[in-house]
There are 2 protein chains.
Amino acid sequence: MSNILIVDDDIELCEMLDEYLRLEGFSVSAVHDGKSGAEQAVNGNYQAIVLDVMLPGQNGFDALKQIRGSSLIPIIMLTAKGDDIDRILGLEMGADDYLPKPFNPRELAARLKAIMRRSEQNSGNASSVLEVGKLVMKPSSRKVSWDGQDMSLTSTEFAILELLMRNAGAAVSKESLYEKALGRPLEQYDRSIDMHISHLRRKIPGGEHLIQTIRGTGYQLTLEQ
Amino acid sequence: MSNILIVDDDIELCEMLDEYLRLEGFSVSAVHDGKSGAEQAVNGNYQAIVLDVMLPGQNGFDALKQIRGSSLIPIIMLTAKGDDIDRILGLEMGADDYLPKPFNPRELAARLKAIMRRSEQNSGNASSVLEVGKLVMKPSSRKVSWDGQDMSLTSTEFAILELLMRNAGAAVSKESLYEKALGRPLEQYDRSIDMHISHLRRKIPGGEHLIQTIRGTGYQLTLEQ
DNA sequence: AGAGGTTTGTAACACTTTGTAAAATACCGT
DNA sequence: ACGGTATTTTACAAAGTGTTACAAACCTCT
């Protein structure tokens, strides 16, 4: 059964969606402000979130950021006309899809199914645990272990390692490491990523083999040991 | 660079999209019927497909099915106004997204970026192993061994050897070695590939026999030992 | 076979990128 | 504001890559 959380202050809309989505085989809950939305969203009971941009108190963007801080749960944003689509879908915010109001509930159902299908495909291992050899990472609880032993990483090291693990076996460019892990573009003579890589290599046993340098390109996590 | 294939019989629309998507940093090609669309889509040169539902000859759904038969390339369907059912069908048939006509090109660009970002994340693809005689290469773990013994190659040497191994038994032109391994065009008096080949020959036991010079063309890995 | 031109092999050097220690700065909870 | 941690900058060493130069191999034409 797919549990959907709707976060919208329009109570009538929530009831209507509840009714329609139940017919489509979803199970629906609703809350009406961003703060409770963000709290509920990450409690692990839902498979997808429908999140309105305009909310009383904390707005939808803040809620989105807060949720993305600890979860990759599929999120559809309900936007007002004219909102900046690029930002909503972009890495900055990280929504999976959006739907401009007013919308047809059938379309919401279709998009919900689509993003849930995608996220199902993505997480071969349902519980969103990343595993590469003896390295195990749980992004939701921000824990990493090597061969069962917990290791302590700083948040930047964590972000970099997460990116590398999500692309294990393939090179990740420095550009995208800066962009996605540090949230800023790579500038000339900027060496921070190199420094963090250096630290990671030292912290992870066998790190110098695990994290390979692809000169002129970036870094890569090796798949086989 | 991201190559996009547009499959739509509306030539004006194609030109407009071409223009707009180029501004957004995509590289665009267009074909105008489903049959060529399906053929082009799977040739490996594109990172995403924009596919109209209404096409002369083979319609968009057939093309979609055909493409999905052999590729998981990201596909956005362009649907006619009003046909929710078609849209839903499209998503259930394995399109990654859809956009009802008429649409804002910005929205297409945003959705393209979104699905490409997703598919980039997904491709933790199975690690293939390349074998040519006693040479074994695992690109995902960046390891090469000769007769079971690991050898250490630099990134460029690795890239060149990978290309040669993927085309073992056939000549690989210097042009494509420069283009694909060094990521730049071959310029006059540029000898770097020759240097790297020289190093490779020295590092690989029996390298002078293994890597053959095809004068005036390029280099080739011999199949027999 | 030999002359003359072109392409390739490789050593030596020049330049670029990366590794990492250490210092400087930013950040955060108290 | 203070102390501790995290991150970025700086500086220099080490490794990798590109350029130059010349010798060797090859091709073409006579």
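Checking the cross-link filter: which lysines have an alpha carbon closer than 22 Å to that of A:Lys180, excluding same-chain neighbours under 8 positions apart?
Straight-line reach from A:Lys180, under 22 Å: A:Lys65, A:Lys138, A:Lys143, A:Lys203, B:Lys113.
Taking a point 7 Å out from Cα toward Cβ as the label site, list the nm distances between A:Ser36 and the same residue in every other copy, smallest first.
Copy-to-copy label distances at A:Ser36, shortest first: 5.8 nm.
Rg over Rh of the protein assembly as shown, using C-alpha atoms and the Kirkwood radius, what does it come to?
1.00
For A:Thr156, go 7 angstrom from Cα along the Cα-to-Cβ vector, then report the distances to that same point in the other copies in nm, smallest first.
Ordered by increasing distance: 3.0 nm.
Given the range B:19-60, report the % of alpha carbon pairs whose separation exceeds 17 Å.
Tail of P(r) above 17 Å: 34 percent of Cα pairs.
Where the Cα atoms of the range B:130-177 are projected onto their three principal axes, how long is each span, largest first, in whole Å?
The Cα atoms of the range B:130-177 stretch 30, 22, 15 Å along their principal axes.
Measuring nothing but label to label, 7 Å from Cα along Cα→Cβ, what are A:Tyr20's distances to the other copies in nm, shortest first?
2.6
Ordered by residue, what ³J(HN,Hα) values in Hz, to whole numbers, does the range B:3-9 give under the Karplus form 6.51 cos²θ - 1.76 cosθ + 1.60, where θ = phi - 60° and Gly and Pro are x?
Karplus values, whole Hz, x for Gly and Pro: 8, 10, 10, 9, 10, 7, 7.
Relative to the compact globular guide of 2.2 N^0.38 Å, what is the alpha carbon radius of gyration of the range A:126-221, as a ratio?
1.02
For the Cα atoms of chain B, what angle does the longest principal axis make with the long axis of helix B:105-122, in degrees from 0 to 90, nearest 10?
The helix B:105-122 is inclined about 40 degrees to chain B.
When you have a sec, figure out the Kirkwood radius of chain B from all distinct Cα pair distances and drop it here in Å to one decimal?
20.1 Å
Every number here is computed from the coordinates shown, using simple stated rules; none is lab data. Here the structure is a predicted model, which is why all the values come from computation and not from measurement. All Cβ positions, even for glycine, are placed from backbone atoms using ideal geometry, and neighbour counts span all protein chains on display.
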